[in-house]
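The values are calculated or read from the model by the stated rules, or taken from the named source; none is laboratory data. As the structure is a prediction and not an experimental result, all values here were calculated from the model. As a convention, Cβ positions derive from the backbone with ideal geometry for all residues, glycine included, and neighbour counts pool all protein chains shown. Protein only, heavy atoms only, side chains kept; ligands, DNA and RNA dropped before computing areas. Shrake-Rupley method; radii C 1.70, N 1.55, O 1.52, S 1.80 Å.
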Amino acid sequence: MSIKKKHTRTRAQESSGAIERLYITMRHLFNRGFYKPMGVSGETLRDSLLILRPEIYGSIAEEKIELQGLIYVIDRLPYGIEECRFINLTSDEGYKDSHFEPIIPAKRRRNCYRIDDEQMNIEVTRGRSEIYDVLTHLTFLYIESHKIMKRVLINEEGEVVRDWQKLETAVLKGGKLSQKEKEIALTHTANFLGRTFEEVSEVYGDFSCKEDENRFLKIIYYLGKGAIAEHLNEYKRLISFSPVLRERLGHHIHGEVWAERIKSVLHNKGLLQRPIHIISANMHSVMNTLYAEGALVTERKGKTTFELFEMLSNSENSKMRLKVSKKAAANGMTYLKDESGTNIDVQIFDTQLLPKGSFYAEMLESNTAEMPVIIVMDYAFGEQAYETLDELLKPFATANKVELLNVDSVSIMGKAGILEGGKGDIMIPTAHIFEGTADNYPFKNKLKKKDFEGDGINVCTGAMITVLGTSLQNRDILRFFYESTWNVIGLEMEGAHYQKAIQSASKIRGSINPKVEVRYAYYASDNPLETGSTLASGGLGTTGVKPTYLITEKILRQILT
């Protein structure tokens, strides 16, 4: 038993060291301004990622190609990136006003621009966490590309296996492939990927998109082609960081613009001195909870509240969602579509204007001067949580005076990885531990486990780790935290950053009430300690509806009563 524990701890220490090296190396390369990911300058990143072996990247350290990890990464990078030799990370530098069409990845809200056949620009407006996210995904991508190259290249003269030639023929043919042509191409591709025909056939559709049904074949081909060019002709791929990005990073430029707009709207509507409650959540749960039953009188007949919410979460029911949005806009909701580059939309709810007779309107006190104002901000990304909330909690300066915000509470609802349970469970944290540092943030959470008693859902409570990136999840480190005296129940990316902003505003700057209430609750999107339950294994589907709306209901009840 003791030998096993020693081995596990040693592996955890190796992984922790790899994360630290990744963190330091990425900062160094950013300051340098450019690097070749498969050259000497990118070697530390590659080696650290191979030592770490994050759960999302599956078989990255094995010879066979990792397909599920590839799906996860491709969904978070711009369409066509596999064809580009030059990747340039930029700030918001005016490309939106050019002829370049923005390319937005399926699972990441960021603008990207294909400059020419060889160059892709990725706009970074969400801080260092976004840079870490992009660089780790690109490192994984290029490691996989060289695995392909080693499987198809026969010799140093550039001869390739017959399977590669057949894939090249199918990709360069262009247009729609017949079922027969597709299956022939998949057969040859499976051979050099070290996967079965069944495996590549199953993932083929997961890669398809509106731009290209055959995207899987193209990705494999262009990744391999780029690696072959690097190996034979020294056409090294290059990642660079624009001078403007390097100058602006860390200066809260986008967060300041974002926060000033919100406070200006509150000031113009006369809401700045009303009790303000900030909620970090998605853009539908609070709105639906407050207005859906009143807006969908016909649709909700014979259905429970959660069944109604499940209907609203279905992508096919856009007309229903539009009805709720219109009802909300007519009864106290102001929607602020982001214009700052943070990609964080905002809803402001004046509870004084909630429909009379509605369930939540009846909860409110009759004193209109004390009617709360609820600000719902969409999810931040990693360190961006500190930038945005820090700026929002600062005083608002008008021409005549400086006004402090009357912030009564800050509530954070999000999804996170769970270590003692499964998808859809709820986590109530008591502290946030910032991975890779000595920082930890204990707090008094106004949400308690007992608040969810009788709701038919599993709830756990304890500390949570704020990780540098979900793409760096490592089972050995997580198991160490889970089994140690840290009592860690889950991991997420923003908690410590939010709490840092709250504590600096309330306890150091004095810009908000020092007794501001905080609420944190997360629903489990994955369990990285279980094989087949990581983020790369797929989304929550309707499993996330019940915990999302249960948490929303508990937060609103505390705010309104």
**OP:** Collect the residues in region 358-383 that are farther than 24 Å from Ala259 by Cβ, of a type in the set (Gly, Ala, Ser) and either modelled with pLDDT of 90 or more or open to solvent by less than 70 Å² (accessible area, probe 1.4 Å) (or both), keeping them in residue-number order.
**Re:** Ser358, Ala361, Ala369
**OP:** Just give me the residues in region 136-180 being in a loop (DSSP other than H, G, I, E, B) and among the hydroxyl-bearing types (Ser, Thr, Tyr), in sequence order.
**Re:** Ser178
Subject >> Count - residues of region 93-152 that are closer than 20 Å to Thr25 by Cβ and either free of Cβ contacts under 8 Å to residues at least 40 places away in the same chain or aromatic (Phe, Trp, Tyr) (or both) >> reply: 3
Original post:
Within the set of pairs 6+ apart or on separate chains, which have a first residue in region 193-220 that is of a type in the set (Lys, Arg), a second that is assigned to a helix (DSSP H, G or I) and open to solvent by less than 40 Å² (accessible area, probe 1.4 Å), and C-beta atoms under 7 Å apart?
Top reply: Arg195/Leu67; Arg215/Phe207; Lys218/Val171
Original post:
Among the residues of region 491-524 satisfying the criterion of being in a loop (DSSP other than H, G, I, E, B) and of a type in the set (D, E, K, R), which is most open to solvent (accessible area, probe 1.4 Å)?
Top reply: Lys515
Subject >> Counted residues, region 307-333 - those being open to solvent by less than 30 Å² (accessible area, probe 1.4 Å) and closer than 30 Å to Glu383 by Cβ >> reply: 1
**OP:** List the number of the failed condition for Arg274; all other conditions in (1) assigned to a helix (DSSP H, G or I); (2) under 30 Å from Ile348 (Cα atoms) hold.
**Re:** (1)
Subject >> Answer from Val488, Val407 - the residue that is under 22 Å from the mean Cα position of the chain (by Cα) and open to solvent by less than 10 Å² (accessible area, probe 1.4 Å) >> reply: Val488
Original post:
Can you find even one residue in region 224-239 that is within 14 Å of Leu70 (Cα to Cα) and hydroxyl-bearing (Ser, Thr, Tyr)?
Top reply: no
Original post:
Within region 435-458, how many residues are modelled with pLDDT under 90 and surrounded by 15 or more Cβ atoms within 10 Å (Cβ to Cβ)?
Top reply: 2
Original post:
When both residues are 6+ apart or on different chains and their Cβ atoms are under 8 Å apart, which pairs have a first residue that lies in region 429-458 and is under 15 Å from Val488 (Cα atoms), and a second that is open to solvent by 70 Å² or more (accessible area, probe 1.4 Å) and part of a loop (DSSP other than H, G, I, E, B)?
Top reply: Ile433/Trp486
Subject >> Number of positions in region 491-504 that are more than 16 Å from the chain's Cα centre (by Cα) and closer than 13 Å to Val518 by Cα >> reply: 5
Subject >> Counted residues, region 459-472 - those being open to solvent by less than 10 Å² (accessible area, probe 1.4 Å) and polar (S, T, N, Q) >> reply: 2
**OP:** Could you look through region 336-357, keep only residues that are in a loop (DSSP other than H, G, I, E, B) and acidic (Asp, Glu), and pick out the one that is most open to solvent (accessible area, probe 1.4 Å)?
**Re:** Glu339
**OP:** Would you mind stating whether Tyr386 is buried (at least 22 other Cβ atoms within 10 Å of the Cβ) and in a helix (DSSP H, G or I)?
**Re:** yes
